[in-house]
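Have a look at the structure below, then the notes.
Just so it is clear, none of the values below were taken in a lab; they were calculated from the coordinates. A quick note: this is a predicted structure, and the numbers were derived from the prediction, not measured. Heads up, the Cβs are rebuilt from the backbone with ideal geometry, glycines too, and the neighbour counts pull from every protein chain shown.
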């Protein structure tokens, strides 16, 4: 038995964390530059940390409430296993820690990046990218660390069931999914809270600063500038870190659970073990290859923009190619059943991720027709910019959906051994594809996370008056990041869809465990056949609970799921609107009351703006986030298992498409504005530019608040359903 | 056997048509007013008719292609029954005829309404409302006429199957559904083409006229004014007529098909007959009660605004109350099994429609907080108006979804005799609820259709320089229409959701017939049981085709369905954007090149603008409409039955929510602008007003093009799937 292979997982995780520590230390050795640069960086750092403290306080209360609920379920009513409350907590803790460490690094790195950019573009890239890599490595390192820890602990503590030896791994893996729920909960608050914060500040700063006062972005005379820069850190760094930690762990854990479920009732516990650790191994190997990729990102001292982009691409492409080879190798060594096909499923996942990324790039980059045409629509004013952007975003959902659908069918078909009736292995294949997509997260996240660092470096350069040359370099770094980030977004959103499906299957698995815990051993199906709870297939469970597409409860659940996606988006959009309105009022007030701001003679009250964003985000994030937790519980109590499955599928299909729509529309508006600023259709300051600024402002909450939060919403609802399955089952019996 | 009761249906239909004729003649007796008024009305009428001719030409080609396809399927490969091509054609013809007659009436009525309004508000209401009633009565009259005609014909021509007497009514009802597909196809083109036309003209006229040149709405100096008024007729009248004809017939036919299916395999053909004609009878009684309601709309000569509103409300409320009583009565006389419960299902449908209507009113009327707050967000510019409007629209989906979900569960539960396992009767209940919702369409459509007539009357008054007093009266009539139209929209959108579900069930029915036609008599289920094709339950079919929620083909279909809703909206949004841009260029060109337009010395070239809208709509409507037809066929060929069912459900759940979002966001933007124009937050001409004008312009395609087209898309995809089921089944076997 290849038990020893498992140890690759914790070793890879420690390797990632060690390297992250090394990169962090290296970055800290750099100078922060002039005293003004230091001061500004300090402001931003303090603002960001104080926000995070506030956020963790609120999240802490929510976690306390949920842990109490789970404890009552586990210890009071035997509706959950006793590990759940603790596992839930660690998931939340590590997800938060990933965001915290990533943000800490980012806030130290921005001034240093700006300072390095004073020397050369290449030096700036090095500092920013290595700092981004800290985040990438922390996320994957902590993720696999938590997974290894729980796996070892539960394997040691949970006794094997003599009656049914394959049941043990099922209990272990579904318990570990609870820690995924902890991570999702933390991630949702981080994304929603951070997203509201950053966009309230950004929209507020733009509306009064750029549009009304006519001063440039990041101008120190704008009171909301510091808040805007804080926002990049709490939203794009801390929020993204928590988010991708959740995606990463979620896909691995869901796939492991499916692997365990595929062999339930069989005596082949060895193969079951292999199916469970396969996703972990792929992820572990992915870490090593990400590290190789990170080190491959190096350029000559006098590298130009094109060479920099090339070197970043080299790093990520190298990792992707290597992971394909390594997957075949590791699964062959592991001796997993049907390993060739399953390796191909990993490749399918990777390709789907790349296709979505390329499609995102095509629809949102100003190098292509769609965004250029969007920019042109500014000739007839802001209304046509909005209409065209919404049209573009909606149309842009086509390729990603086709890619995901092809990915679902192919990975299922491959892993099932070309037999559509082999549902459990087929679903396992979908999970494996998601893991494949995220396996090189270490480096893709590095290229993603360095974007906001470069953005902040630009802010610091502008506020410190470092001159146009430096600002130009940081802008180049920033736009470099935008291109690579498109691929990263593709992976995040594609994996959410596949993981969502895998979690759906895990839900059925959890129902099996819930029934067992309640002492039910047989399922009486409506056609008169009786099957054992353990040997019952997915289809048997569907029949038992009447989860057919003609059951009005399933249909109702689906309507509710679609509605949840829209309602959640609407709430977060409105939250940004309200918080931004407060910011606008405050900035206007300061311009009015503090004399000499606009001439640069008086310093604006930055802290007050930071405070307003913090308070706004705190207040606004609670309701939508709680709704995501309560909806699946309420649906389960009212409509039972069929309603919950409908809710999850409706939320998944609508939420996925809605998320792409919002992300791409937002991205295209952003770049359409940039396209104008590059001197097209009248350039900066023209009426066309003004029209596209309106588009950009509308796009901000689309792409940075509502859109990315939807990814988590989809998975959090599934996670909640899984954790509460015991209650739903008991309630239905009752 | 209560066969005689059936004759109520054709009699009611003839009654409606006769009364429509009478109202039309009465309206034509009125004077069109001054020569200028006559001239303008003539322009609009000519423009509208020439557009409709163009549209029918394009639609004619599409119909020709489809009829050929159906003929090959029916006569060449025995994949359809021989009546299908002809039934399809009549549905398309009658749907088009409804739109045509409604529009003809409307274009004759607008100048007459304006002229009547010169005398008094009450006279204006009378002419406009009676003209709207022509449309309402034509739609329901032609609908029931077509249904009666086909029912009698098929009953006479199709021989009863001695082996299985209950099969005959199933064949009749599913054949009649084909005529529903004809109606849906016509309706989609009418809505999309008309919607693009009207909004291209409206957006174009507003952007240059109101925003750039600063001249009021409907000003004769604006070259796009006539096109704008033509647009109201081709979009809001002809489009709506075809649309609601389709909804009305679709709900009745789908329910009849479910009624026939519920008794398949049973010997109780009498009860089957009753279940089939019950929805027709409810509709027929609804016609009579609508007529009573229409006559109840009368006011004193010196009636004020409030009294007018009261009298309209009296009419619709009276019809609603009477239909409840009449339903119990007619179903009792009919002696339908479980008639009390089924009557209650009708009531449920009515209540759901009213709740959705009220919720629409709450979210979109300037009398309530949401729209007022939206107007206030204009203080911080157009971007926040857009953000808040999108937020509002998304949040506003909650109540309608909750209402529909409650309606689904309740009507299913009631009709199934409180037994969720009784699927066929339960689904029949959902269909009956949809019929109940639309039963008083005669009067609700009258209150809806008179809105654009009043709008056009206002345009005529403005262009003919009739003075402020008359314009104020027509504006009052218009805003009166907006309030009643909210309820009408609620009924249309709610019935689309319920009818969509009923059609889904009919699809399964059509598969049964398809299998029979191919000579298959037994279904071998995966659990080893073999059932007769005729006696197989819904669940058996679901099992046979593996339509479970874990089948990747179902899941893929659902993603594709969600995507279709977004893609379709995106295409229509962009179409409006492009067509509007052409209009803007043309108007700017005329202002530039034709000297003296703005001083009123030269007449603009109205015809050219009409031509541009016509061409734009023609060009743009083809692709999205064909897509709606091709998608279900392609999905069926690639993913088989499970894929199609996934597609329909995904499209239904996402499309319904998306449609409400778009309709309500658009409505709220429109009224937020009106709220400002009433003098709030700075009133007309202020910066806040400009910001809300941007919102209104964006909202135009939301509420009048993409949103309402989605309603039809949902049903057309189902209809296509039903008609092509024979092909899908044969292909799967092959």
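Values computed for the structure shown
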item	result
Least to most buried among A:75, A:544, B:412, B:4 (fewest other Cβ within 10 Å first)	B:4, A:75, A:544, B:412
Relative contact order of the range B:3-733, defined on C-alpha pairs under 8 angstrom at six or more residues apart (%)	21 percent
Sorted by Cβ density within 10 Å, fewest first, the residues A:232, B:146	B:146, A:232
Partner chain coverage, peptide A:397-404 - average Cβ within 10 angstrom	5
Degrees, to the nearest 10: B:121-157 long Cα axis against longest axis of chain B	20 degrees
Cα-based helix-to-principal-axis angle, B:382-395 vs chain B, degrees rounded to 10	30 degrees
Test item: B:207-216 mean partner chain Cβ contacts at 10 Å	1
7 Å along Cα→Cβ, label-point gaps from residue B:77 to other copies, nm, shortest first	5.4
Rounded if a/c under 1.5, otherwise prolate or oblate - the range A:525-619, Cα gyration tensor axes	prolate
Distance between the range A:610-631 and the range B:572-648 - C-alpha centres, whole angstrom	41 Å
Cα centroid separation, the range A:297-327 to the range A:660-734 (Å)	29 Å
Using a Förster distance of 60 Å, the FRET efficiency for residue B:733-residue B:599 (Cβ separation, nearest 0.05)	0.25
Distances in nm from residue B:26 to the matching label points in the other copies, shortest first (labels 7 Å along Cα to Cβ)	8.7
Length-normalised contact order for the range A:234-355 - Cα pairs under 8 Å, 6+ apart - percent	21 percent
Scaled radius of gyration (Cα, divided by 2.2 N^0.38 Å) that chain A gives	0.92
Sorted by Cβ density within 10 Å, fewest first, the residues B:464, B:396	B:464, B:396
Cα-based helix-to-principal-axis angle, B:423-438 vs chain B, degrees rounded to 10	20 degrees
Exam field: residue A:340 pseudo-label spacings to other copies (7 Å along Cα-Cβ), nanometres	6.8
Relative contact order (%) - criterion: Cα under 8 Å, at least six apart; region: the range A:582-734	27 percent
Inter-chain shielding of A:522-532 (mean C-beta neighbours from other protein chains, 10 Å cut-off)	2
Mean-position separation - Cα centroids, the range A:414-456 and the range A:1-71, in angstrom	23 Å
